[in-house]
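Contents: one structure, followed by commentary.
The values are calculated or read from the model by the stated rules, or taken from the named source; none is laboratory data. These numbers come from a predicted model, not from an experiment. Heads up, the Cβs are rebuilt from the backbone with ideal geometry, glycines too, and the neighbour counts pull from every protein chain shown. Note: areas computed on protein heavy atoms with side chains; ligands, DNA, RNA excluded. Shrake-Rupley method; radii C 1.70, N 1.55, O 1.52, S 1.80 Å.
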Protein chains: 2
Amino acid sequence: MYRSHNCGELNASNINTEVTLAGWVQKSRDKGFMNWVDLRDRYGITQLIFDESRTDKAVFELAKTLGREFVIQVKGTVIEREAKNKNIPTGEIEILVSELTILNSALTPPFTIEDETDGGEDIRMKYRYLDIRRNPVKNSLLFRHKVAMEVRKYLSDLDFCEVETPYLIKSTPEGARDFVVPSRMNEGQFYALPQSPQTFKQLLMVGGMDKYFQIVKCFRDEDLRADRQPEFTQIDCEMAFVEQEDILNVFEGLTRHLLKEIKGIEVDKFPRITYDYAMKTYGNDKPDIRFGMKFGELNEFAQHKEFPVFNAAELVVGIAVPGAGNYTRKEIDGLIDWVKRPQVGASGMVYVKCNEDGTFKSSVDKFYDQDDLANWAKVTEAKPGDMIFVLSGPANKTRTQLSALRMELATRLGLRNPEEFAPLWVVDFPLLELDEESGRYHAMHHPFTSPKPEDMALLETDPGKVRANAYDMVLNGNEIGGGSIRIHDKATQQLMFKYLGFTEEEAKAQFGFLMDAFQFGAPPHGGLAFGLDRLVAILGGQETIRDFIAFPKNNSGRDVMIDAPAAIDDSQLKELSIKLDLK
Amino acid sequence: MYRSHNCGELNASNINTEVTLAGWVQKSRDKGFMNWVDLRDRYGITQLIFDESRTDKAVFELAKTLGREFVIQVKGTVIEREAKNKNIPTGEIEILVSELTILNSALTPPFTIEDETDGGEDIRMKYRYLDIRRNPVKNSLLFRHKVAMEVRKYLSDLDFCEVETPYLIKSTPEGARDFVVPSRMNEGQFYALPQSPQTFKQLLMVGGMDKYFQIVKCFRDEDLRADRQPEFTQIDCEMAFVEQEDILNVFEGLTRHLLKEIKGIEVDKFPRITYDYAMKTYGNDKPDIRFGMKFGELNEFAQHKEFPVFNAAELVVGIAVPGAGNYTRKEIDGLIDWVKRPQVGASGMVYVKCNEDGTFKSSVDKFYDQDDLANWAKVTEAKPGDMIFVLSGPANKTRTQLSALRMELATRLGLRNPEEFAPLWVVDFPLLELDEESGRYHAMHHPFTSPKPEDMALLETDPGKVRANAYDMVLNGNEIGGGSIRIHDKATQQLMFKYLGFTEEEAKAQFGFLMDAFQFGAPPHGGLAFGLDRLVAILGGQETIRDFIAFPKNNSGRDVMIDAPAAIDDSQLKELSIKLDLK
């Protein structure tokens, strides 16, 4: 071992101890007769002192040659520091060095290894191994490990069994695009990397392994949006002999455990709202409920007056922004411009100032009297001093626009405290959603989700109205987990594939093994999956997932550090019986 | 929840309790007026009783329709069983059923769901979800989970951080064949699936994450031998600021912990032997030391006599087989035939019976007198009643042959008790091995392994003699883990690539990022990886890994259950800019 202690543990109680430390040179301050070096490792920073009068001359001179990020080993004595630093655990002591060994030299790093670095995203990714030396990244990786361990412990203690499912599986062209892997031993055939272990976990239920989980990599060959990765990690779970209520309870318990163990925060029982309620109340199926600003539907009090815009709209809907009644004309105009940007797409916005004296001043005073506006205030739960913003138009679009405004205002008002946690369940998702382009219905969750039995009859008459036993866990405006009760009989599964536009042959070719399995005694079952990258980032109080992934890829799916993907040898292609077919 | 209890937990203390159970029908015995059903779930079997005189008629009749593997839910009362079964925890009670719900019917399974099944390997793999219902497979998966959890807890408690490394990386044509993944977004380029996270874990060391582990899938596109899988799981570990001794101690501690926690077995400090000693003493770098039969080299006492076969041989070497002195001529001939089979390849075998009276009787009495044979007995540590078998020929080949015989005899003599555990370390592996075909040296472990500093000079003069800081952990004749101290400076790594026949350009193209990293302050580091599949199988007392993998592939790399790999759509190929190039 190159060290007797790490750089984060020595304090006043160790004074006069002989120690050996190893680590990186964070910085050195050479005052001529005295030279201080901050030695850093994963655990902290310890100050070394080289003193002309007390240090061996050769050691003293060698210390002057140390550059930033040199790797060194020192032996010395723990002594009391003159100028104590109360901000770090080792701040009361320093090491009077007697021996110094340079274990490795270092070129000057391309960015500073500090909490606030001067390195941009690209250079940090290229030298990710240097970036990981920085506290924000290092601590994110340690935090991720802690979360994953707690998840495993909690579920194991409940008799869940982690089962590894295969990575080399079969491509199913439905849903997102698969990454595929040519098989050398099976000429002309391909494996696919799993988008999730969905069918395997269901087969484990058929196999009697009634509580399964796995922390597992999943793969989707999608065009990458910001903060999406082609490989990502799920906490994948499934249970047999359960109803939706049981699953919600178990995984609410898990989440509550994480918040308590990791963040020291106790949360109440999670609110449960339906998808319909979420859409009507927040314009969003993953509402951030750390703050109010619930939607108030104003059709009753805003239509059939003289304002043609509202009269023509399918939906008139508003929110009361707390304390925004004193916004200036300029601020209001800014917000109107904001909602009219193409990314939001509103055609205009009406506002109502709720004055402290109980009166109202609106941009539509020409059409609405004080009683009308008082009704609007009532519906939107506006208080004196608030501002009501109202949008109108087609219902779905308008809700989405108002949701965007609600989130933007919450951010501006500082209502999205990353250290406050407001989890909830959204339940009763629609089974199907209409793809506007193809006019076909797609499974909203996936084709294995069970419709609510009482809605089965609607499949023939009004498929869009069929609700599923499907649920999402939402935390601070992010979907962090989602799942469903699954179909567990062959006939219903066949029917579902039919409604989704599979021919019988397609269904059999792709999912025949699952439908076969359902014939041999499949128990009722269901489950869910959490996105670990996102969960960890949110628990860590961060917006982006990238610092919680050791070696992330960029938006082109490239690892710029190892420079992958890359061309491969012709001999490899030949062995795999494929050739390039460049456009 | 479909149940109040599971099928493994009810006993006499629950008598008179009303319970709800759910599970599979293991079997039913219909005596006309009385019908017993064994209900099975993951946790055990509970007997249900339907009694004409006590059970509701409709329930009684419904119970008669139950087939094997039907999924049912029952409500009823726990009562004392008349004919108790002491062999199972629930054997004192049965459930007098009042309500019965058939949750799902089942076709007759294609093989019996019993500990000893009538299903062959192929059919069990096709219906793996039924196979998993069988105790031997189910218990293997639960056992695997337990081992993995203990590994994680042990290493976490020592401040190791589990870091997920990427699965989509870059192909490196050295070593085994990579599985590759065409990139749609980077036309003509490919990712590779990792054969191990080797370079990433070293970069984590450069990044200061000084104790890393990961339980991780790895991939090798090799022609599959029996009991190899194209995807397999490693416990991958790395540490910085350590020497070989530190690594051996940590992972010896882990293994001792597993043996104690999982098997309840305390083992002494692991013996450490060098690679040279292992080869000379056991003819094998992964010796099974649960038994003796150490090799005795007999050149000194067997050559320069009148026996030309031995005189011409590079090596004459024997083992003393305990208690085998009374083997019949037929048994001995059988063993001679066994070593002459092409799989072993010896050209003959000499034997010496060690009589109880201290005399010897050998197949070469013509050439050797009793004193000669007494020397042989001394060297092989033979005792009266033992049999010495002697092989001769080229040293390496002869050792391999005698090793095969040693293992075979141990098996026949019952010396390989799967519930006895004899771990050891083999150290000082050669750095390089000569590839007989190409005449080139290859890295025996991998190109990142550090030569022993004292052997560095031999690299120029006698590369095959250079020893590495490399080590294997061996358990019961299996290599279960191996690793090395790594090179951590650019110059040595460049030199190593040169000796391995890389051009400078090749080294830079494939591993430039690692050599770059070594310039920015790389600490001394090393590590190892355990094969989890094998480790779990051995701890579980089994020879084959397949039952410890939920969904294994067959020897053609196929998953016969889901029928993968498979053809993919032309549109997928086109998007990936590849086409088939069938032979």
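First measure r as the distance between the Cβ atoms of residue B:454 and residue A:31, then evaluate 1/(1 + (r/R0)^6) with R0 = 56 Å and state the FRET efficiency to the nearest 0.05. Efficiency, from the Cβ-Cβ distance: 0.85. Each principal axis of the Cα atoms in the stretch A:213-319 has its own extent, and those three values, largest first, are 60, 38, 33 angstrom. Distance between the C-alpha centres of the stretch B:140-196 and the stretch A:117-136: 23 Å, rounded to the whole angstrom. The residues neighbouring residue B:559, those whose beta-carbon lies less than 12 Å from its own, together hold a net charge of +3 under the Lys/Arg +1, Asp/Glu -1 convention. The A-B contact accounts for approximately 11500 Å² of buried accessible area, totalled over both chains at a 1.4 Å probe radius. Using only alpha-carbon positions in the stretch A:264-326, the gyration tensor eigenvalues give semi-axes of 30, 16, 8 Å once each is multiplied by 5 and square-rooted (largest first). Loop-located chymotrypsin sites (Phe, Trp or Tyr not before Pro) in the stretch A:1-76 (DSSP state not H, G, I, E or B) with no more than 11 neighbouring Cβ atoms inside 10 Å: A:33.
Between the stretch A:56-90 and the stretch B:389-422, what's the alpha-carbon centroid distance in Å? Their Cα centres are 57 Å away from one another. Restriction of the GluC sites (Glu not before Pro) in the stretch B:237-312 to DSSP coil positions whose beta-carbon has at most 10 other beta-carbons within 10 angstrom yields B:266, B:306. Accessible surface for the protein assembly as shown, divided over its residues, is 41 Å² per residue with a 1.4 Å probe.
Each of residue B:462 and residue A:555 was given a label point 7 Å from its Cα along the Cα-to-Cβ line. The distance between the two points is 6.1 nm. Inter-copy label distances at residue A:274, using a point 7 Å along Cα-to-Cβ, come to 7.9 nm with the shortest given first.
Assign one of three labels to the protein assembly as shown, namely rounded, prolate or oblate, based on the Cα gyration tensor with a ≥ b ≥ c the square roots of its eigenvalues; rounded applies when a/c is under 1.5, prolate when it is not and a/b is larger than b/c, and oblate otherwise. It is oblate, given that a/c is not under 1.5 and a/b is not larger than b/c.
Kirkwood hydrodynamic radius computed over chain B comes to 28.5 Å, based on all pairs of distinct alpha carbons. When the Cα convex hull of the stretch A:1-138 is projected onto planes of every orientation, the mean area is 8.3 nm².
Overall size of the stretch A:142-249 from C-alpha positions, given as principal axis extents largest first: 44, 35, 25 Å. Phi angles of the stretch B:427-438 translate, via the Karplus equation with coefficients 6.51, -1.76, 1.60 and θ = phi - 60°, into HN-Hα couplings of 10, 6, 5, x, 6, 10, 10, 7, 7, 4, 5, 8 Hz per residue; Gly and Pro are given as x.
In terms of Cα atoms, the Rg and Dmax of the stretch A:236-387 work out to 20.2, 62 Å.
Given in Å, the Rg to one decimal and the Dmax to the nearest whole number for the Cα atoms of the stretch B:123-201 are 18.4, 48. Here is the tail figure for the stretch A:64-202: Cα pairs spaced more than 21 Å apart come to 72 percent of all pairs.
Structural size metrics of the stretch A:30-99, computed from C-alpha coordinates, are Rg and Dmax of 11.7, 33 Å.
Rounded to the nearest whole Hz, the Karplus-based 3J(HN,Hα) values (6.51 cos²θ - 1.76 cosθ + 1.60, θ = phi - 60°) of the stretch A:564-576 follow the sequence 10, x, 8, 5, 10, 5, 4, 5, 5, 4, 4, 4, 8, with x at glycine and proline. Between residue B:111 and residue A:185, the C-beta separation translates, for a Förster distance of 22 Å, into a calculated FRET efficiency of about 0.20.
Annotation: amide H-H contacts under 5 Å for residue B:444 (H modelled 1.01 Å from N, sequence separation of 5 or more, or interchain): B:432, B:433.
Spin-label model, residue A:504/residue B:226: points 7 Å from Cα along the beta carbon direction are separated by 4.3 nm.
Under the combined filter of DSSP loop state and at most 14 neighbouring Cβ atoms within 10 Å, the stretch A:1-82 retains these trypsin sites (Lys or Arg not before Pro): A:31, A:54, A:64. Close amide H pairs (under 5 Å, H built 1.01 Å from N) link residue A:298 with A:316, A:317, A:318, residues at least 5 positions away or on another chain.
Using the Cβ-Cβ distance between residue B:294 and residue B:329 with R0 set to 35 Å, the FRET efficiency works out to roughly 0.85.
Other residues with beta-carbon under 15 Å from the beta-carbon of residue B:365 carry, at +1 per Lys or Arg and -1 per Asp or Glu, a net charge of +1.
Sequentially through the stretch B:526-534, phi angles give Karplus couplings (6.51, -1.76, 1.60; θ = phi - 60°) of x, x, 6, 9, 9, x, 5, 4, 5 Hz, Gly and Pro residues having no value and appearing as x. Note on the protein assembly as shown: with neighbouring protein chains present and a 1.4 Å probe, carbon and sulfur make up 48 percent of its accessible heavy-atom surface. Kirkwood analysis of the stretch B:472-574, using all unique Cα-Cα pairs, places the hydrodynamic radius at 18.0 Å. With K and R counted +1 and D and E -1, the other residues having a Cβ less than 14 Å from that of residue B:232 yield a net charge of 0. Taking label positions 7 Å along the Cα-Cβ direction at both residue B:347 and residue A:135, the computed distance is 7.3 nm, reported to one decimal.
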